[in-house]
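Derivation of every value follows stated rules applied to the coordinates shown; laboratory data play no part. Not measured: the values here are computed from a predicted model. Note that each Cβ is placed from the backbone with ideal geometry, even for glycine, and that neighbours are counted across all protein chains shown.
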Amino acid sequence: MAIQVTQQGNSSRIAIEGEMTIFTAAEIKQALLDALSSSDELTADLSSVGEADTAGLQLLLMAYNEAVNAGKALHFVQPSAAVQEILQLSDLVRLLDGSQPSFSAPVFTLKA
C-alpha cells in the first residue's frame with residue numbers, strides 16, 4: 001500500500017494505491033485526516049485501490065463526515081472497480097454522488 005499526498009495552495013490531493021482494508025485502515029485514516037486538516041479542499045484519487053472492505057468504506061465515510069463538519073470540499077475521483085463494488089454492495093453510491101440531500105456536503109463528488 002502506498003499513499004501519496006501533494007499540496008498546492010489550499011488544495012490537497014491524496015492518491016491511495018493498494019488495499020483499503022482493515023490491515024491498512026489506521027495508516028490511511030491518519031493520512032486522510034492530515035490532508036483534510038492542512039487544506040480547504042481535498043481530492044482523493046481512488047483509481048489504484050485494488051481491494052476494499054468495510055474498513056475502507058468506513059474510511060470514506062469518516063473523511064466525508066470530517067469534511068462536512070469542517071466545511072471543507074471533498075472529491076473522491078476515479079474510484080477503482082473495488083471501490084465501486086463496495087459502494088454498490090452497501091447501497092452507498094447514491095449517497096456519495098450527492099443525489100441524496102441529507103448527505104450533501106458543501107462540495108462533494110464521486111466521479112468515475
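Kirkwood hydrodynamic radius, computed over distinct alpha-carbon pairs, for region 1-65: how many Å, to one decimal? Could you put the intermediate results ahead of the total?
On the way: mean 1/r = 0.0860 Å⁻¹.
11.6 Å is the Kirkwood radius here.
So how far apart, in nm, are the two label points at E85 and Q30 if each is 7 Å from Cα heading toward Cβ?
Each label point is offset 7 Å from its Cα along the Cβ direction, giving 2.9 nm.
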